[in-house]
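Take a look at the structure below.
The values are calculated or read from the model by the stated rules, or taken from the named source; none is laboratory data. In this text the structure is predicted, and so the values were computed from the model without any measurement. Cβ: placed from backbone, ideal geometry, glycine included. Neighbour counts: every protein chain shown. Ligands, DNA and RNA are excluded from the accessible area calculation, which covers all protein heavy atoms including side chains. Shrake-Rupley method; radii C 1.70, N 1.55, O 1.52, S 1.80 Å.
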Amino acid sequence: MQMMDQPPFLPMSLAEAKELGIDQFDVVLISGDAYVDHPSFAAAVMGRVLWDAGYSVGIVAQPNWRQAEDFQRLGRPRLFFGVSSGNVDSMVNNFTPNLKRRSSDVYSPGGALLRPDRAAIVYADRVHSLFPGVPVILGGIEASLRRFAHYDYWSDSVRRSILADAPADLIVYGMGERPIRQLALRLEKGERIGEIQDVPGTTVKEPVALWRGGSAQADLANGLKAAPEQDRRFGCLIIPGFEAVSRDKREYARAFALHYGEQDPFRGRAVVQPHPKTVIVQNPPAKPLSTEELDRVYELDYARQAHPSYRQPVPALEPVRFSITSHRGCFGSCSFCALTHHQGRIVQSRSEASILREAARLAEMPGFKGIIQDVGGPTANMYGMSCPRWTGLGACADKLCRADCPSLDKDHSRQVRLLRALLRIPGVRRVFIGSGIRHDLLLADEACCSLYLDQLCRHHVSGHLKIAPEHISRMVTECMNKPPREVLDSFRERFASASRAAGKEQYILPYLMSGHPGCTLQDMAELAEYLRDHHMYTEQVQDFTPTPMTVSTAMYYTGLDPFTLQPVHVPKDREKRIQRAMLRYREPENYELVREGLKAAGRGDLIGEGRSCLIGGRGARGGASLGASRGAERDARSGAERRPRSD
C-alpha cells in the first residue's frame, strides 16, 4: 500500500472523507469511547498505525446501538470493521465494584452515559446484521481479556469466550499494531477472513467438525477431564473446555493456569479451548515491537485533542493530554492485574531521542503550560529495564520476574538521564511521574537508588508520590504477588530522607485494596493499625473487583490458587463490605461495619477511647476514638490527601 499523509483527525463523517478524497474506507473502527486523537486512546493508535501503512480509516465513536444509522454512517469498509468497547471493559466502566450503575463515563463528552453493557458483543451484532459478509474483528481490553471461557462478576457465572458469543471472525488480543497490519495486508491480497487462522496475537474460532477424529475428538467429547496433551497434528495445547470449567471449579483453575503459562511471545504455544458449538484457538502472542517500531507508533501525528465535532470536553483526556508513554509491558505480575495477558511481561522501551522529540512537540502545542504530566508506562521506573532472556527465549516459564533476580537489569540510571534531558527542553518547566513507581524495584538497585530518589524528590513529585503496596499482611501480599511490609517500611524511610535532603515536604500516597482473595478480617485490622501508626490514612483505596483473566479472579471464583490448587479464603458479600469499611475506619457511616469486623476478628481492643483504638466505644457511634481523632489531625497537618482512587 502507498503511504498516505496523516490527516489532522481521522474522519468521523463522509464529509470529512470527501475532503480527503476517500470514496470508500478501507477500515472502519467502532469504539465505545469518544474519539480522542491521543496515543493513550486505542482507536487513535490503531487508526493512525493503519493509516501509516497506507489504509484509509474512519471512526464511528460511541454509536447509538439502538439505531442502525450510526453504524451505517461511514458505509461499508473495503476490508473490515474493527470493533472495540473502548479503553476499559464496558462492565467495569458501567458498574462500581458494588455492582451499582456509575453516574458518568469519563470517556464520553461531558461524562454522558453512551456505552452499552457488553459493548463489544452489541456493536459486533449490529455491524454483522447491517453489513453481511464484511469481516468483523474484535479488539481492545474487553475482547482481549474475554478470549477464553471466563468468570463474569456481573452475572456471577462462567461465560463463554466472547468469540463464541459475538458474530465476529476473530480477536486481536494484546497490543494490536503488528497483528492488525498483518490482517489488513492479507485481506488486501485477497485472502478470505476465514482462511486467516495463524496470525500471532489473534484468537480464532474453528468448527467442531475440524477437530473430529483421533485424540482431539476424544478430548473435545470428554470436556478434557484427563490431563491435557500437546496435540502433534496442530502443535496446540488443549485445555479444559467450556462445559468442564463451567461446572467444575477445579477444572476452571487448571485451565487458567495452563493458558496463563502460554502468554509468552517466544515460547507460547497455540491454546485450544472447546466450546459447545465452536472451538476457540488462541494463536501465540505477537512478538513485541522493537524500539524503532515503538518510536514510530508514538511519533505519529496525534492532535492530542478530542475530535472537533464534540461540543463538551472528554474528561479522560485532561489528566493525560501532555503525558508521554515511555515503554510497555510489566514484569511485576500482580495477581489482580491482567497485563500478563495483555501487554505481557517483556518491557519494550522507546529510545531517549524519540521521547525527547515528542516532548519538544508538546512544548510547542497550544495549551501547554510547561508541565509534562507523566513519563511512564504501567510502572514508570521499568523504563529501559531488560533481561537477556527476553530477546530470544522469552520470560522464564518456571518462575515470575522479581526485583531480586540476578538476571534482571534493574539499572535506573537510564531513566535518570532521560528525566534530566526532558527538563532541559525549552518550554518545559516540570516533568512529573504520575503513573507511580514500583518501590521494591528501586530498592533492589542499590547502585542507583539514592541517585534516582534524589532526582525524583527534587524535580518529579508534585507533593505526593504514588506507590501501590496494596496491603501489608504477609499472607495477603503473597496472594497478590506484592512485596512484603518490610520493603514498604524501607522505602518510606528512604523517601522521607530524600525529601528532607531536597528541602521539600512530600508524602507517599499509597494505593490500598480491600476484599482481595486471601485477605481476612484479621488482615484488615492489621492494615488499619499500620495506617494509624504511620499516619497514612487515605481514601485512595480500591475494593477488589474480579475482572476477567486475572489470577485473583480465578481465586475469587474457585476458592483455589490456580497454580497449586490449594484453598484460598475468599471474602464475599457482607465480609467484603466490612473489609472496605475497615480500610476507611474514620468515616462515620462505616462505624457499625467496622465495629462488627473488629469484633469478628477478635480485635475488640481496637474499640474504645484509648489512643490506640480505631473507633470509639458503644456510646460514640459514628465517631472515632480520641486517639484516632488526634491521628486525623496529624495527617491533616502532614498534608495527607483524602482523594478517591480512580479505577
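What the table below lists for this structure:
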| quantity | calculated |
| --- | --- |
| Enumeration of residues in region 386-399 that are touching a residue at least 40 places away in the same chain (Cβ under 8 Å) and either among the hydroxyl-bearing types (Ser, Thr, Tyr) or open to solvent by less than 10 Å² (accessible area, probe 1.4 Å) (or both) | GLY394, ALA395 |
| Residue list for region 505-532, filter: open to solvent by 20 Å² or more (accessible area, probe 1.4 Å), part of a loop (DSSP other than H, G, I, E, B) and either closer than 27 Å to VAL551 by Cα or at pLDDT 95 or above (or both) | THR520 |
| Residue ID - farthest from HIS327 (Cα to Cα), chosen from residues in region 261-295 that are surrounded by fewer than 20 Cβ atoms within 10 Å (Cβ to Cβ) and among the acidic types (Asp, Glu) | GLU262 |
| Selected residue (criterion: most open to solvent (accessible area, probe 1.4 Å)) from residues of region 491-504 that are in a helix (DSSP H, G or I) and in contact with an Asp or Glu (Cβ under 9 Å, 6 or more places away or on another chain) | ALA501 |
| Residue, nearest to LYS410 (Cα to Cα), within region 439-474, restricted to residues that are open to solvent by 10 Å² or more (accessible area, probe 1.4 Å) and charged (D, E, K, R) | ASP445 |
| Some residue of region 17-37 being touching a helix residue (DSSP H, G or I) at 6+ places or on another chain (Cβ under 7 Å), in a helix (DSSP H, G or I) and either more than 24 Å from TYR302 (Cβ to Cβ) or open to solvent by less than 10 Å² (accessible area, probe 1.4 Å) (or both) | no |
| Residue check for LEU465: part of a strand (DSSP E or B) and either on the phi < 0 side of the Ramachandran plot or touching a Ser or Thr at 6+ places or on another chain (Cβ under 7 Å) (or both) | yes |
| Pair list, Cβ < 7 Å and 6+ apart or interchain, from region 400-422 residues that are farther than 10 Å from MET385 by Cβ to residues that are of a type in the set (Val, Ile, Thr) and in a helix (DSSP H, G or I) | LEU418/ILE355 |
| Filter result (hydrophobic (A, V, I, L, M, F, W, C) and either closer than 21 Å to ALA353 by Cβ or crowded, with 21+ Cβ neighbours inside 10 Å (or both)) within region 368-385 | PHE368, ILE372, VAL375, ALA380, MET382, MET385 |
| GLY436, sole failed condition from (1) crowded, with 22+ Cβ neighbours inside 10 Å; (2) touching a strand residue (DSSP E or B) at 6+ places or on another chain (Cβ under 7 Å); (3) not in a strand (DSSP E or B) | (1) |
| Total residues in region 561-594, condition open to solvent by less than 30 Å² (accessible area, probe 1.4 Å), farther than 23 Å from PRO510 by Cα and out of contact with any Gly (no Cβ under 6 Å at 6 or more places or on another chain) | 1 |
| Boolean, ARG178 is modelled with pLDDT of 95 or more and open to solvent by 20 Å² or more (accessible area, probe 1.4 Å) | yes |
| Tally of residues being surrounded by fewer than 13 Cβ atoms within 10 Å (Cβ to Cβ) and closer than 20 Å to PRO63 by Cβ across region 96-111 | 1 |
| From the options SER514, SER499, SER462, residue that is among the hydroxyl-bearing types (Ser, Thr, Tyr) and more than 30 Å from ARG430 (Cβ to Cβ) | SER514 |
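Per-residue answers, yes or no, for (1) in contact with a Cys (Cβ under 9 Å, 6 or more places away or on another chain); (2) farther than 28 Å from ARG247 by Cα; (3) open to solvent by 10 Å² or more (accessible area, probe 1.4 Å):
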position	(1), (2), (3)
TYR123	no, yes, no
VAL127	no, yes, no
LEU130	no, yes, yes
GLY133	no, yes, yes
ILE137	no, yes, no
ALA143	no, no, no
PHE148	no, no, no
TRP154	no, no, yes
ARG160	no, no, yes
